[in-house]
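I have placed the structure first, in the form of structure tokens, so that the comments after it can refer back to it.
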Amino acid sequence: MWWFSLYLCLILTNFRVDSAPKPTKEWWKDTFIYQIYPRSFMDSNGDGIGDLNGITSKLEHFVDLNVSAIWISPIYVSPMVDFGYDIANFTDIDPIYGTLSDFTNMTTKAKALGIKVILDFVPNHTSDKHPWFQKSIKKIQPYSDYYIWMDGVLVNGTTQPPNNWLSVFGNSAWEFNKERGQYYLHQFAIGQPDLNYHNIPLNTEMQNVLTFWLDRGVDGFRIDAINHLIEDTRYLDEPKIINSGVPDNDYDSLKHIYSRDQIGTYSILQTWRKAIDSHGKKLKAEPKIILTEAYTSLTNTIMYYNYGSNIPMNFMFITPLNNHSTTMDFKRHIDAWINNVPKGNLANWVVSNHDQHRVGTRYGTRRTDEFSMLVATLPGVGIIYYGDEIGMIDRPMSWNETVDPAGCNAGPQRYYLKSRDPARTPYQWDNTTNAGFSTANITWLPVHSNYKTVNLAAEKLMMNSHYSLFKKLVALKKMPIIQSGTTEVILVGEMVLGVVRRLPDVPPVVLLVNFSETTEIVDARTWMNIPEQLTVYASSVESNIPCEVTMDTTEVNLPAAASVILVGF
Ligand code: NOJ
């Protein structure tokens, strides 16, 4: 019967090969992901707005930086009320950005260059111009319940919104539609009606959207505003925050216990994970990445790992940490993240994005590099925003220049507290007109006036620049000690934060960050148990600490707000 055993063995071996593709490495392990805000990256046709062909023409930049993936904010058909996050057709490209064939050109070139492409998936809402919404207004089936429609309530003879919920962009989250005679929920702009995930056919449509883009070769999705997906269907008023210090129509005046972070969100995510994975299995494709965007508690964020998110975005350097946080605050939050990441998953660290002030504006320009240095040294994935690699900062806008709905809704007195325009200005490629971004007379947002000196071309010629530092950080991230070494976050005295990565039998990698406004001299050797002599691998640009020199770790001299990475190789 030996021949039978051999036969069985061959069948089983073949079966294994056919039915279970070899699990390929999760390609996002220990990499940097680079966010592109498409309106502001590169304009190829001179209309003052960035586009897909512009991105394609600049893909070599990512090869040069050695980042693994780009995530592109929405490029779909949109009336641009929220600059692409209000989508009128999930499966076509907005003419401002190009065509589906431009998209294919971009992904083909990206593939050839080894750059993965991640798209934004915006499932919480559509544009009010989306055909689903137009049909929903008219109660045409099956669209009638695709959105959240409610009757108003009669108060002293006038009809009022169903409850006190507020939009993230300010004012009531309900808008009355005369034609349907009901209010619809919009947690963002009035032009962004919320979809109703209690409606099963809707989710099937959304899964089709995912597979449409998977068929076009994308490597994953960043899921927008995921914690807004589901609402408590009792639609109760949300409690007011006592002494919130903000006006009553400001989103931050309420505790969002019914409109956000509902438990049902996680099972919706699971359906998308399944749809993406089963599509991948059919094509024997490489694993696809899911990043989830939710500004929420650590517990809620971590839970996304268990339901299919590879990267539940960690916004700790945006909130709760800020430029008033102490070394102890940083240690506590970093430790908490690392200790809570479920086994077999990766940590992640977001430096900046299109909704927040740029990192050098949030923390001060001297601290700009500190965050990419932290992110490079800590275990897991780093996520940076276009321009972080050259130290771009916010360009303050006047009320007249403001176009972001979050800023416009806040009005002339408070717009600057809410507007996201300052962090969305055109990429600074060189010192020519419009920083080399566009040949137009006017760009959709003004270019920062510092572009003559802060630009990629100039930084490429400098020995000590954000750009040259960032390239070193990407290389560091790929080293075995960063990929699999142990991590300790240590307070080196009161004002210096230290991170040590260790692997047996090799010298450690050490990051030191000075939180003080003055020079600190620290005995890092004793505090951190590291060798007495290490070499400077990288230092923050404004620190002026020279690289490749040997340092006596018993007496490290750290200028105000400086960061330094020391190695033993
Ligand atoms: C989060 C996005 O990052 C933001 O830019 C957008 O305004 C809202 N979600 C609504 O889609």
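Here are some notes:
- FRET efficiency for Lys109 and Leu503, using Cβ-Cβ distance with R0 set to 41 Å, rounded to 0.05: 0.65
- Potential extension, Asn529-Thr433 segment - 0.36 nm per residue separation minus Cα distance: 29.4 nm
- Cα-based radius of gyration of region 128-177 once divided by 2.2 N^0.38 Å, which approximates compact folds: 1.30
- Using θ = phi - 60° and Karplus 6.51 cos²θ - 1.76 cosθ + 1.60, couplings along region 236-250 (whole Hz; Gly, Pro as x): 7, 4, 8, x, 7, 8, 5, 6, 5, x, 10, x, 5, 8, 8
- Per-residue Karplus couplings for region 152-164, computed as 6.51 cos²θ - 1.76 cosθ + 1.60 with θ equal to phi - 60°, are listed in order as x, 10, 8, 10, 6, x, 10, 7, 10, x, x, 7, 8 Hz, Gly and Pro entered as x.
- Beta bridges per DSSP, both residues in the chain: antiparallel share near 65 percent.
- Rg and Dmax of the chain, Cα atoms only, in Å: 25.0, 90
- Computed over the chain, relative contact order equals 12 percent, with contacts defined as Cα pairs under 8 Å that lie 6+ residues apart.
- With the simple model of a label 7 Å out from the Cα in the direction of the Cβ, Val153 to Lys29 spans 5.4 nm.
- With a simple spin-label model that places each label point 7 Å from the Cα along the Cα-to-Cβ direction, the separation between Lys452 and Lys281 comes to 6.1 nm.
- P(r) histogram, all alpha-carbon pairs of region 394-453 included - 5 Å bins from 0, percent: 4, 21, 27, 19, 14, 10, 5
- Eligible aspartates and glutamates near Lys460 by straight Cα distance, threshold 15 Å, same-chain separation 8 or greater: Glu60, Asp64, Asp388, Glu389, Asp430
- Charge dipole magnitude, Cβ of K and R +1, D and E -1 - the chain, Cα centre, debye nearest 20: 1340
- Region 485-567 gives an Rg/Rh value of 0.93, both radii derived from C-alpha positions and Rh following Kirkwood.
- Value at 222 nm in deg cm²/dmol, rounded to 500, when DSSP H runs of n ≥ 4 in the chain each add -39,500 (n - 2.57): -8000 deg cm²/dmol
- Straight-distance crosslink candidates among aspartates and glutamates, where the alpha carbon sits under 16 Å from Lys331 and sequence neighbours closer than 8 are dropped: Glu370, Glu488, Glu494
- Straight-distance crosslink candidates among aspartates and glutamates, where the alpha carbon sits under 17 Å from Lys29 and sequence neighbours closer than 8 are dropped: Asp219, Glu286
- Length-normalised contact order of region 485-567 in % [C-alpha pairs under 8 Å, at least 6 apart]: 31
- Maximal additional length on extending the Asn171-Thr518 stretch stands at 120.5 nm, based on 0.36 nm per residue less the C-alpha distance.
Every number here is computed from the coordinates shown, using simple stated rules; none is lab data. If you're wondering where the values come from, they're calculated on a predicted model, not measured in any experiment. Don't worry about glycine lacking a Cβ; one is built from the backbone with ideal geometry, like all the others, and counts go over all protein chains shown.
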